[in-house]
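Written below as C-alpha cells is the structure these notes are about.
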Amino acid sequence: FDALLCYRLKMAPYALRFRGPRLLDYTDSLTRYAERRSVALRLEGRGLAARWWKRQARQCAAFEIACAAQFDAGFFNSSQDCAALQAMAPAFAKKLEVAANGVVQASLSKRPRPVGPASIAFVGHLAYAPNAEAVTWFATQVLPRLRATAPNLEFTVIGGDAPASDR
C-alpha cells in the first residue's frame with residue numbers, strides 16, 4: 001500500500017503499525033464533544049456525570065494530540081473542530097485541515113419527501129449522538145424562528161435511525 005487512511009480515532013492504534021504515510025479522518029473532535037456534554041450536564045445539575053465527561057475531555061485531548069503527532073495528516077468535517085485541535089497542538093497545526101462532507105442532491109433519489117425551495121434537509125445517521133443533538137437543537141431552537149417568516153418551511157431528516165416526525 002502507498003498510504004493508509006484511518007477513519008476515526010478508535011482505529012488509530014491499529015493504523016500506527018503501518019509503515020508509510022498515515023492519514024487520519026478525525027471526522028470531529030471528541031474533545032469538543034466531551035466538553036459540551038460536561039457543560040450540559042453541569043447545567044442540568046448532574047455534577048458527577050459532568051465531572052466524568054470533563055475527565056473524558058482531558059483524555060480525548062491527550063489522544064487527539066498524540067495522533068496529530070503520529071499521523072502525516074488529519075482531517076475534520078468542521079473548521080471549529082479543526083481549529084480546536086490546531087490550538088491544542090500548534091506544532092502539528094499545518095498537518096490538520098478541514099475536509100467538509102456533503103451530499104449531491106441528485107443522489108437522494110429515495111428521499112422521503114421532495115426537497116424544494118421552502119425546505120431544509122439534514123442528512124446524517126441519527127444513532128450518532130452529535131447528529132441527533134444537532135437535529136433536535138435545530139428543530140426546537142432554529143426552525144420555529146424560521147417558520148415565523150416562512151410558515152410552510154419543511155424540515156426533512158434523511159438518514160439511518162431517523163425517527164418519524166411531522167415537525
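The values are calculated or read from the model by the stated rules, or taken from the named source; none is laboratory data. The structure displayed is predicted, hence computed values, not measured ones. Heads up, the Cβs are rebuilt from the backbone with ideal geometry, glycines too, and the neighbour counts pull from every protein chain shown. Accessible surface is based on the protein model in full, side chains and every heavy atom, while ligands, DNA and RNA are left aside. Shrake-Rupley method; radii C 1.70, N 1.55, O 1.52, S 1.80 Å.
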Q: Go through the residues of the stretch 18-25 one by one and say whether even a single one is over 21 Å from the mean Cα position of the chain (by Cα), surrounded by 14 or more Cβ atoms within 10 Å (Cβ to Cβ) and more than 24 Å from residue 79 (Cβ to Cβ).
A: no
**Q.** Hits in the stretch 29-88 - residues which are surrounded by 15 or more Cβ atoms within 10 Å (Cβ to Cβ) and part of a loop (DSSP other than H, G, I, E, B)
**A.** 29, 71, 77, 78
(Q) For residue 95, only one of the following conditions fails: (1) modelled with pLDDT of 85 or more; (2) basic (Lys, Arg); (3) open to solvent by 80 Å² or more (accessible area, probe 1.4 Å). What is its number? (A) (3)
(Q) Filter the stretch 121-153 down to the residues that are within 21 Å of residue 30 (Cα to Cα) and of a type in the set (Val, Ile, Thr) and list them by number. (A) 123, 135, 136
